[in-house]
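Q: Sharing a structure with you now.
The values are calculated or read from the model by the stated rules, or taken from the named source; none is laboratory data. Treat the numbers as computed from the prediction; the structure is a model and nothing was measured. In this analysis, Cβ positions are derived from the backbone assuming ideal geometry, glycine residues included, and neighbour counts consider all displayed protein chains. When the accessible area is computed, the model is the full protein with side chains, heavy atoms only, and any ligands, DNA or RNA have been set aside. Shrake-Rupley method; radii C 1.70, N 1.55, O 1.52, S 1.80 Å.
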Amino acid sequence: MSHHLESYLHQVFHELHQYPELSNHEFKTTKKLKDELEKHHINVLDLPLKTGIVVEIGQGEHSIALRGDIDALPIQEQVDVYYHSQEDGVMHACGHDFHATAMLGAAILLKESEHKLKGRVRIIFQPAEEVGTGALEIIQTGVLENIQAIFGIHNDPTLAAGIIGCKAGALTAGVDRFSIHIQAKGTHAARPQDGNDPLIVLAHIIQVFQTIISRRINSSENAVVSLTQVHSGTTWNIIPDTAFLEGTVRTFNTHVREQIAHEIRQILEGIEKTFAVNIHLDWQAGPPSVMNDANWSSFALEVAQDHQFDCQTIEKSPIGEDFSFYQEKMDGAFIMIGSGGPYPLHHPKFKIDTNIILPSSIYLARLAERALIFIDEQQS
Ligand SMILES: [Zn+2]
Ligand SMILES: [Zn+2]
């Protein structure tokens, strides 16, 4: 059975990998997963979702949730495998094809032992993680209202293949995106005194932003401020009217997150006055930091250990994850599964070691069963 299940899951994985779809456009992926789940008589819930699905296995009053995401990225794949992406400029470079397949495998395994389950398991195949909106869409359907604990997974290419990693507290970063528009006054490059040069302003912003972490944030905290694109000007003999910058802030708690946003506003106000320009800041708050519940994190590692998986406590990571929106509503743990590297997430050569697919499904199924037993024992 398990050899059969393994080759079946590999087939599904290859197909998902070949037809990656961008956030909120996961139509074929949703249909493929739905077809496969229904083939195994798994109850696909009727929800007002454009893409993504939630299934339910088991019955009774206790309920927990598992979450895998399904969307891909706008990256041209450079991986030399026979099942490489067939979609130009779109690639599963974050391994969400693996997350979806692992959850499918877990659903099949849980279905096989459904009569023994001490409650319900709802498995979320979440769309639009990369744009940070999918978790909120799922929450808005109300499908998670009575869920007592939620577990999510992400592959981690910095861990050896198959290692299960978790930690209590902050695991991923809070993500903010900002853009800055400078409105100054263009002129002939030979007569700068007739204008107001936005390039000087831009250069100041870049410089002063480097002092936010180094001079303003307590050394015991971790945070990142990165400026990632700047644009201005058209040619060599014109001082332009405007300049544009964009970047991101990564933090691990609300306090530092708010402090950095405040520092950025203050710096821009100061520079605006100093140079007599107009500066407009566009702030897009992304998901907060994934905050793992201490009990469920050690529970997740205990289950891994009991079933002979290699596991370890891991460090926090500055990536963003919208799993944190679920954790604002309920306790749970986000778990990393080693995918073997060598290339990082979001890299055109990123690749999953497919040997981790079946073990991940088995782990998730055991984790769900055991979590329900634990909740049942606590409440009886
Ligand atoms: Zn990603
Ligand atoms: Zn991801």
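Q: Please give the per residue accessible area of the chain, computed with a probe of 1.4 Å over protein heavy atoms only, in Å². Don't jump to the answer; show the numbers that get you there.
A: Values: 17380 Å² over 380 residues.
Result: 46 Å² of accessible area for each residue.
Q: While we're on this one: Just the number, please: percent antiparallel of the DSSP beta bridges in region 1-151, rounded to the nearest 5.
A: Details: 9 of 20 bridges.
Roughly 45 percent of the beta bridges in region 1-151 run antiparallel, per DSSP.
Q: Can you tell which of Ser297, His255, Pro192 lies farthest toward the positive end of the dipole of the chain, using +1 and -1 charges on the Cβ of basic and acidic side chains (Lys, Arg; Asp, Glu)?
A: The one lying farthest along the dipole's positive direction is Pro192.
Q: Take Leu47, Leu372, Leu117 and sort them by solvent-accessible surface of the protein heavy atoms, 1.4 Å probe, largest at the top.
A: Details: Leu47 45, Leu372 0, Leu117 20 Å².
Largest accessible area first, the residues go Leu47, Leu117, Leu372.
Q: Taking loop as defined by DSSP and a crowding limit of 13 other beta carbons within 10 Å, which GluC sites (Glu not before Pro) in region 282-328 fit? Walk me through the numbers on the way to the answer.
A: Numbers: sites: Glu302, Glu315, Glu321, Glu328; in loops: Glu315, Glu321, Glu328.
Those satisfying the criteria are Glu315, Glu328.
Q: On the protein heavy atoms, probe 1.4 angstrom, tell me the percent of accessible surface of region 175-309 carried by carbon and sulfur. List each step's numbers first, then the result.
A: Working: 3700 of 7520 Å².
Ligands and nucleic acids excluded, carbon and sulfur give 49 percent.
Q: Another question about this same structure. Looking at the chain only, what percent of DSSP beta bridges run antiparallel? Nearest 5 please.
A: Given both bridge residues lie in the chain, the antiparallel proportion sits at roughly 65 percent.
Q: Right, next: Helix-only mean residue ellipticity at 222 nm, the chain, DSSP H runs n ≥ 4 weighted -39,500 (n - 2.57), per residue, nearest 500. What is it? Write down the numbers at each step before the final one.
A: Values: 9 runs with 131 residues, N = 380.
Counting only the DSSP helices, I get -11000 deg cm²/dmol.
Q: Continuing with this model, one more query. May I ask for the angle, rounded to the nearest 10°, between helix 27-39 and the longest principal axis of the chain, with both axes built from Cα atoms and the value confined to 0 to 90°?
A: Rounded to the nearest ten degrees, it is 10.
Q: Looking only at trypsin sites (Lys or Arg not before Pro) in DSSP loops with at most 14 other Cβ atoms within 10 Å, what is the longest site-free stretch of the chain?
A: Between the exposed loop sites, the longest stretch runs 51-328.
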